[in-house]
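The values are calculated or read from the model by the stated rules, or taken from the named source; none is laboratory data. A quick note: this is a predicted structure, and the numbers were derived from the prediction, not measured. All Cβ positions, glycine included, derive from the backbone under ideal geometry; neighbour counts span all protein chains shown.
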Amino acid sequence: MTIKKMRDIEGTTFFDGPMSTKGYPVNKMFHSFNSKDGRDAFVADEEAYMEKFKLNEAQKQCVRDRDVLGLIREGGSIYYLAKIGPILGLNVQDFGGLQTGKTTEEFQAYLDSQGIGKNNG
Amino acid sequence: MAKIVGGIGSSHIPAIGVAMDKGLEDTPYWRDFFQSYVPLRKWFNEVDPDILVIFYNDHGLEMFLDKKPTFAVGTAAEYENADEGWGINPIPPVRGETELSWHIVNELVENDFDPTVCQEIKVDHGLTVPLTLMYPAKDYSKVKVIPICINCERHPMPKLSRSYAFGQQIGRAIESFGGDQKVVVMGTGGLSHQLDGERAGIINTEFDLLCMEKIVSDPEYLTKYSLEDIVELAGGQGVELNMWMAMRGCLTGKVTEGYSNLVAPISNTAAGIQLLINE
């Protein structure tokens, strides 16, 4: 018996049980950014903070590199990963750009190209 | 008997909360979105509901991956909001409605739904942003809120058919509750969007419009889609359609559309705004 594998959709990682197991330390660390204390402690000493949450070396390297796609491969859930955004001054359009190889402006233009009901009624 | 007078579908993205905090409602980026709430609020203020049932998904304020209910029902007299790191100002506590909450829990369990029952939870932007959209002056202390949470974060998640059936059972529970309370139900989140991966940024307004059409007249049509279908069609976070399905399930009478609009992009999302009247 093996765990059900979810559909293969290009550029999409289903955050399922096995990914949640793999990414638990990463997600727990990012979850701690709900509080100002957590955010401040990370900024003060990133390495010590990652150690506290027992990230593995690959996960630590992705955090050092601000490698969002790498963090997703390492089990990160975007709901938690994105919480580093406000700390680094990045919004979700910046995150979109980082993951799709676009500048933020190009990513915004991509969003706009699919738009409806805005500025044109 | 308590009466469900209508259902509202609404986005709940954090950026909306930030825009309201900063007073950006009438700027070019936001104008069309916020204008959509004018007709919605006109109806809502005339109804002036006693109870608001809000289907939302918690994004890790209260329910982290360590303990994550598939379905959860709040039964508290009050709910607090708190910092989630998004820069939205936390809002003052929200009043709960314990009696109807417990009645809903009783009826759910009696009918083979087994939610997590929450006597103390913090509610996140999934609930507070739609609530604040209905009460922009934050004068929501006159309404009692029942938060109902659906896991939309980690697979496995409830199927659309299950969320719809869950909503139907809640609708029947509300309509069997003694009293003359006016109840409005809200389904929050969505519609199409994907925040993560190389496919981040996909929006599918054609599919969103189909969902908004079918949810009025033929919600069961939508239950044929698996969540894998939804991810493929509407992006990874398009699964928040589950909350709209639960909201629609509550409406057991004759349902007509009072208002509908789709505005995209709002942040990375297609924001659906819809009013369903239940007679």
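Can you tell me which residue among B:Glu153, B:Glu206, B:Glu120, B:Glu198 is charged (D, E, K, R) and more than 14 Å from chain A (Cβ to nearest Cβ)? Walk me through how you get there before you give the answer.
Numbers: B:Glu153 fails: more than 14 Å from chain A (Cβ to nearest Cβ); B:Glu206 fails: more than 14 Å from chain A (Cβ to nearest Cβ); B:Glu198 fails: more than 14 Å from chain A (Cβ to nearest Cβ).
Answer to the selection: B:Glu120.
Name the helices (runs of 4 or more DSSP H) wholly within the range A:29-70 that hold at least 1 residues that are modelled with pLDDT under 95? Working first, answer last.
Numbers: elements: A:36-44, A:46-52, A:57-64.
The helices (runs of 4 or more DSSP H) meeting that bar are A:36-44.
What number of residues in the range B:42-64 are exposed (fewer than 15 other Cβ atoms within 10 Å of the Cβ) and either in a helix (DSSP H, G or I) or β-branched (Val, Ile, Thr) (or both)?
Within the range B:42-64, residues that are exposed (fewer than 15 other Cβ atoms within 10 Å of the Cβ) and either in a helix (DSSP H, G or I) or β-branched (Val, Ile, Thr) (or both) number 4.
Return yes when B:Pro69 is away from chain A (no Cβ under 14 Å), in a loop (DSSP other than H, G, I, E, B) and farther than 20 Å from B:Cys149 by Cα and no when it is not.
When the stated conditions are applied, B:Pro69 does not pass them.
From the residues in the range A:1-22 that are of a type in the set (Val, Ile, Thr) and more than 20 Å from the chain's Cα centre (by Cα), which one is surrounded by the fewest Cβ atoms within 10 Å (Cβ to Cβ)? Walk me through it before giving the result.
As a first pass, look at the range A:1-22 and keep what is of a type in the set (Val, Ile, Thr): A:2-3, A:9, A:12-13, A:21.
With more than 20 Å from the chain's Cα centre (by Cα) added as a condition, the list becomes A:2-3.
Details: A:Thr2: 4, A:Ile3: 8.
Checked the range A:1-22; the qualifying residue surrounded by the fewest Cβ atoms within 10 Å (Cβ to Cβ) is A:Thr2.
Got at least one residue in the range B:256-270 being farther than 17 Å from A:Val92 by Cβ, out of contact with any Gly (no Cβ under 7 Å at 6 or more places or on another chain), within 14 Å of chain A (Cβ to nearest Cβ) and of a type in the set (Ser, Thr, Tyr)?
Yes - at least one qualifying residue is present in the range B:256-270.
If A:Arg73 satisfies every condition in (1) surrounded by fewer than 19 Cβ atoms within 10 Å (Cβ to Cβ); (2) of a type in the set (Lys, Arg); (3) facing chain B (nearest Cβ under 7 Å) but one, which is the exception?
Answer for A:Arg73: the failing condition is (3).
Given the residues B:Leu52, B:Leu65, which is the only one that is among the hydrophobic types (A, V, I, L, M, F, W, C), under 19 Å from A:Lys83 (Cβ atoms) and at pLDDT 95 or above? Walk me through how you get there before you give the answer.
Values: B:Leu52 fails: under 19 Å from A:Lys83 (Cβ atoms).
Within the list B:Leu52, B:Leu65, the selection yields B:Leu65.
Would you mind stating whether A:Asp45 is loosely packed, with under 15 Cβ neighbours inside 10 Å and under 15 Å from the mean Cα position of the chain (by Cα)?
Working: loosely packed, with under 15 Cβ neighbours inside 10 Å: yes; under 15 Å from the mean Cα position of the chain (by Cα): no.
No, not satisfied.
What do you reckon, is A:Phe107 within 11 Å of another protein chain (Cβ to nearest Cβ), of a type in the set (Phe, Trp, Tyr) and not in a loop (DSSP other than H, G, I, E, B)?
yes
Can you find even one residue in the range B:75-89 that is closer than 23 Å to B:Tyr164 by Cα and away from chain A (no Cβ under 13 Å)?
At the first step, the residues of the range B:75-89 found to be closer than 23 Å to B:Tyr164 by Cα are B:75.
Keeping just the survivors that are away from chain A (no Cβ under 13 Å) gives B:75.
Taking every residue of the range B:75-89 in turn, at least one turns out to be closer than 23 Å to B:Tyr164 by Cα and away from chain A (no Cβ under 13 Å).
Can you tell me which condition B:Ile174 does not meet? The list is (1) surrounded by fewer than 20 Cβ atoms within 10 Å (Cβ to Cβ); (2) closer than 25 Å to B:Glu78 by Cβ; (3) at pLDDT 95 or above, and all the others hold.
Condition (1) is where B:Ile174 drops out.
Let me confirm something: among B:Ile13, B:Ile54, which residue is more than 11 Å from B:His125 (Cα to Cα), within 17 Å of the chain's Cα centre (by Cα) and not acidic (Asp, Glu)?
Numbers: B:Ile13 fails: more than 11 Å from B:His125 (Cα to Cα).
Result: B:Ile54 is the single residue among B:Ile13, B:Ile54 that is more than 11 Å from B:His125 (Cα to Cα), within 17 Å of the chain's Cα centre (by Cα) and not acidic (Asp, Glu).
What are the pairs with Cβ atoms under 7 angstrom where one residue, in the range A:6-26, is facing chain B (nearest Cβ under 7 Å) and the other, located anywhere, is surrounded by fewer than 17 Cβ atoms within 10 Å (Cβ to Cβ)? Sequence gap at least six, or different chains.
Partner pairs satisfying both residue conditions: A:Met6/A:Asp16; A:Met6/B:Glu228; A:Arg7/B:Glu228; A:Gly11/B:Glu198.
Quick check on this structure: which one of B:Gly197, B:Gly236, B:Gly190, B:Gly258 is surrounded by 21 or more Cβ atoms within 10 Å (Cβ to Cβ), in contact (Cβ under 8 Å) with a residue 60 or more places away in the chain and touching a helix residue (DSSP H, G or I) at 6+ places or on another chain (Cβ under 9 Å)? Lay out the reasoning, then the answer.
Numbers: B:Gly197 fails: in contact (Cβ under 8 Å) with a residue 60 or more places away in the chain; B:Gly236 fails: in contact (Cβ under 8 Å) with a residue 60 or more places away in the chain; B:Gly258 fails: surrounded by 21 or more Cβ atoms within 10 Å (Cβ to Cβ).
Criteria check complete, one pass: B:Gly190.
Taking the range B:16-32 as the search range and keeping residues that are surrounded by 15 or more Cβ atoms within 10 Å (Cβ to Cβ) and more than 17 Å from the chain's Cα centre (by Cα), which one is farthest from the other protein chains (Cβ to nearest Cβ)? Let's see the steps before the verdict.
Kept after step one, since they are surrounded by 15 or more Cβ atoms within 10 Å (Cβ to Cβ), are these residues of the range B:16-32: B:16-20, B:24-25, B:30-32.
Among the residues that remain, those that are also more than 17 Å from the chain's Cα centre (by Cα) are: B:18-20, B:24-25, B:30-32.
On the way: B:Val18: 10, B:Ala19: 12, B:Met20: 16, B:Leu24: 14, B:Glu25: 14, B:Trp30: 9, B:Arg31: 8, B:Asp32: 5 Å.
That would be B:Met20.
Conditions tested, residue by residue: (1) small (Gly, Ala, Ser); (2) more than 14 Å from chain A (Cβ to nearest Cβ); (3) more than 16 Å from the chain's Cα centre (by Cα).
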{"position": "B:Gly167", "(1), (2), (3)": "yes, yes, no"}
{"position": "B:Val184", "(1), (2), (3)": "no, yes, no"}
{"position": "B:Ile215", "(1), (2), (3)": "no, yes, no"}
{"position": "B:Ser226", "(1), (2), (3)": "yes, no, yes"}
{"position": "B:Val231", "(1), (2), (3)": "no, no, yes"}
{"position": "B:Gly235", "(1), (2), (3)": "yes, no, yes"}
